[in-house]
Amino acid sequence: MSGIIVVAEHRQGALRETSLECAGAAQELSLQGGLDYEVALLSKEGRALSQPLMGLTASLRYIDHGAHENYSPEPYLEDLYALVGQEAPRFIIMGHTSQGMDLAPALAARLSAPLVTDCVGLKIDGDSLICQRRVYGGKIVEELGLKPAPTVVLTLQPGAFDQPSASVDTQERDHASCLNQPEHLRRFVEYLAAAVEDVDIAAADILVSVGRGIGDQENLALAQELADAMGATLSCSRPVADAGWLPKSRQVGTSGKTVRPKLYIALGISGAFQHQAGMKGSETILAVNKDPKAPIFQVANYGIVDDLFKVVPVLTERLKSL
Ligand code: FAD
């Protein structure tokens, strides 16, 4: 019996980041519970997509079929159900993406298995699994203790888990697809990407983020200069986006985007929990705020208690002189 099966996700001919994060969560669980974890990749040609997973899982299983070139619920469900039926894993993990939100409930219903969605933490406690989820807009993290069940289906919040760290030899195995229905009720027609009207702050390595403390739209130039000096992207808290000083796509937080850059610089941001929920996973956080009691300092690695209008020009000059 396989302990954990991660369902990898791909789009437009590339593996999606969430697949690696799910593998990271599976690795954590495998260490806690002494379980194996494997990754299942349903696609047209798995070996053309699987490179990022090499060395991150001991076992990679391919189910290649033309019907899996793009996600389509019925063929996926059929083949996945057949694989899971053979393996009877304890946990099935996938991303809480539009694909995962569609596939996981259908699979759980087919298996009569419990389903926990949008998890941000997982812990094995004896026979039980403890799942953490954010509720009330991120204000509270709830813990759900699951009664033991033969199989549990889980979806994980993108950005909540790290990639696996271990370096292992990956064994690749092919599985025959069991699809025999020529027609399904739903079929993939065309991929329509959402219009990108701005930069993707979730992809930036360094973010200079401005809050209401910036005072006025025209003061954004100060933050932009700092960002330019270090090759960073400008992001913001909600009041800045609400005021229309920066586009909504730059907003970090529960009603904006979740970011995990290498460096997050918070300028004049108080650090309300809705904001923190979107940035506290950043590798290093530097906060500049004139209020020493601002909650942002609770998650900051470095803090400067001062007026940002004094601090930012000095930082920019120092960076330019390097
Ligand atoms: P403020 O809380 O007003 O803080 C401004 C900070 O700037 C203060 O700490 C002040 O000390 C400091 N400051 C002022 N002048 C200076 C200066 N010259 N130098 C240095 N520091 C200075 N917020 C988000 O950010 N993202 C979200 O996605 C989000 N979603 C929300 C969803 C819901 C349902 C709700 C109810 C709220 C949400 N919010 C969100 C709003 C959130 O609760 C806060 O109101 C918001 O984050 C505050 O933004 P801020 O820190 O920029 O402003």
_Tensor-based shape of the stretch 16-59 (alpha-carbon gyration tensor, a/c under 1.5 rounded, otherwise prolate or oblate)_ = prolate
*Between Asp307 and Ser249, what FRET efficiency follows from the Cβ-Cβ distance if R0 is 35 Å, with the result rounded to 0.05?*
0.75
*Normalised contact order of the chain, rounded percent, pairs of Cα under 8 Å and 6 or more residues apart*: 15
*Which whole-Hz couplings ³J(HN,Hα) result when phi for each residue of the stretch 118-124 is put into the Karplus expression 6.51 cos²θ - 1.76 cosθ + 1.60, θ = phi - 60°, listed in order with x for Gly and Pro?*
6, 6, 10, x, 9, 8, 8
*Using Cα-only point scatterers and the Debye equation, what is log10 of I(q)/I(0) for the stretch 138-198 at each q in 0.24 Å⁻¹, rounded to two decimals?*
-1.13
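Using a/c under 1.5 as the rounded threshold, could you call the stretch 110-213 rounded, prolate or oblate? The axes a ≥ b ≥ c are square roots of the C-alpha gyration tensor eigenvalues, and prolate needs a/b larger than b/c, oblate otherwise.
oblate
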*For q = 0.10, 0.11 Å⁻¹, Debye-computed log10 I/I(0) when each Cα of the chain counts as one equal scatterer*: -0.66, -0.77
*Provide the packing ranking of 234-242, 125-133, i.e. peptides ordered by the mean count of other C-beta atoms within 10 Å per residue, highest first.*
234-242, 125-133
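Counting alpha carbon pairs within less than 8 Å and at least 6 residues apart, what relative contact order, in whole percent, applies to the stretch 29-138?
Relative contact order here is 20 percent.
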*Under-5 Å amide H pairs with His10, H placed in peptide plane, nonlocal only*: Arg16
*Calculate for the chain the 222 nm mean residue ellipticity that helices alone would give, adding -39,500 (n - 2.57) per DSSP H run of length 4 or more and normalising by residue count, nearest 500 deg cm²/dmol.*
-8000 deg cm²/dmol
*Listed highest first by mean packing, meaning other Cβ atoms within 10 Å per residue, what order do 50-61, 208-219, 135-146 come in?*
208-219, 50-61, 135-146
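What shape does the stretch 219-292 take by its C-alpha gyration tensor, where a ≥ b ≥ c are the square roots of the eigenvalues and a/c under 1.5 counts as rounded, a/b above b/c as prolate, and the rest as oblate? Display every interim value, and only then the final one.
Details: a/c = 1.26, a/b = 1.08, b/c = 1.17.
It comes out rounded by the Cα gyration axes.
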*Relative contact order (percent, whole number), the stretch 246-322, Cα cutoff 8 Å, 6+ residue spacing*: 25
*Fraction of beta bridges assigned by DSSP in the stretch 1-72 that are antiparallel (%, nearest 5)*: 15
*So, by mean Cβ neighbours within 10 angstrom, what's the order for 264-277, 29-42 with the highest one leading?*
264-277, 29-42
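Quick note: the coordinates plus some simple rules give every number you see, no bench work behind them. Everything numeric here is computed off the predicted structure, so don't read it as measured data. Note that each Cβ is placed from the backbone with ideal geometry, even for glycine, and that neighbours are counted across all protein chains shown.
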